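Right, one structure below, let's go through it.
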Amino acid sequence: MTPVTLCTARLELRTPADEDAEAITLACQDPEIPRWTVVPSPYGIEDAHQFIALVAKWWANDEETTWAIRHDEKLIGMIGLHQISGNVDGGQAEIGFWITGDARGAGFMTEAAGAVIDWGFAERGLARIEWRSAAGNIPSARTARSLGFRYEGLLRQGHASPRGRADAWIAGLLKSDDRFPTSWPTLNDEGDA
Ligand SMILES: CC(C)(COP(=O)(O)OP(=O)(O)OC[C@H]1O[C@@H](n2cnc3c(N)ncnc32)[C@H](O)[C@@H]1OP(=O)(O)O)[C@@H](O)C(=O)NCCC(=O)NCCS
């Protein structure tokens, strides 16, 4: 599939290119990114170049759709629909994302993910999008809840990364769901665990 660019009020989502390698490498020095994602650590420029090449291959093969998130032309994050499976009218995928440390808490991920979800349901024919995280990732869980994901449970040792295994939280959003935030047993109203 040809890479697609998505635009929101403040953001442009475009597939990462070789000139983004330095910005990606810098962002991935933040320990919060390897802590909660499958990004390698330590992370060097070669990792970024390899990742950019893989993203191009994933788009071409319709395996995953990944975008660099840009604000005022600056790369501030990454988001993708991974593990795409099923046919074009009834597929499912898992959403994954990170935002650079200095851009967090400004609503950027909620805005970017909203556009990706809309595209996944309307244009990619998905019926279900999953969110999974290592248990305890409150910012990510709050982001998913704000987007309308419904909490579905705990997967024992269900999170695997280069750092090992951990319990995972899972939530899902169906095309037919409204996007109104629901109550999550792992989050109180203030958003803490
Ligand atoms: C998770 C992450 C992408 C959120 O991005 P963000 O742009 O800061 O998120 P937003 O500003 O859109 O906020 C989304 C929700 O998270 C909450 N949130 C953001 N940072 C938070 C924090 N440090 N502590 C608690 N809640 C937080 C916001 O209040 C908001 O919830 P609300 O709508 O209930 O008020 C970002 O923290 C990150 O990149 N973390 C490291 C990598 C990671 O964990 N990736 C996800 C792996 S599953």
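Here are some notes:
- Across segment 15-31, the number of residues qualifying as over 17 Å from the mean Cα position of the chain (by Cα) and hydrophobic (A, V, I, L, M, F, W, C) comes to 4.
- Every condition in (1) surrounded by 13 or more Cβ atoms within 10 Å (Cβ to Cβ); (2) touching a Ser or Thr at 6+ places or on another chain (Cβ under 8 Å) is met by residue 162 except one, and the failing one is (1).
- Any hit, segment 98-108, residues being in a strand (DSSP E or B) and closer than 30 Å to residue 2 by Cβ: yes
- Qualifying positions in segment 93-120 - surrounded by fewer than 18 Cβ atoms within 10 Å (Cβ to Cβ) and either among the aromatic types (Phe, Trp, Tyr) or modelled with pLDDT under 95 (or both): 119
- Close pairs (7 angstrom Cβ cut-off, 6 or more residues apart or separate chains): in contact (Cβ under 8 Å) with a residue 12 or more places away in the chain in segment 138-151, part of a loop (DSSP other than H, G, I, E, B) and near the ligand (Cβ under 6 Å from one of its atoms) anywhere: 138/191; 142/191
- Strands (runs of 3 or more DSSP E) contained entirely in segment 116-193, each with at least 1 residues that are aromatic (Phe, Trp, Tyr) and within 23 Å of residue 63 (Cα to Cα): 126-134
- Qualifying residue in segment 118-132 (condition: closer than 18 Å to residue 185 by Cβ, without any contact (Cβ under 8 Å) to a residue 60 or more places away in the chain and away from the ligand (no atom under 13 Å from the Cβ)): no
- Residue 112 at negative phi, near the ligand (Cβ under 9 Å from one of its atoms) and over 13 Å from the mean Cα position of the chain (by Cα): no
- Against the test of being aliphatic (A, V, I, L, M) and under 26 Å from residue 170 (Cβ atoms), the options 76, 69, 45, 52 yield a single qualifying residue, 69.
The values are calculated or read from the model by the stated rules, or taken from the named source; none is laboratory data. This one's a predicted model, so the numbers in the text were calculated from it and none came from an experiment. Here the Cβ is made from the backbone with ideal geometry for all residues, glycine too, and neighbour counts use every protein chain on show.
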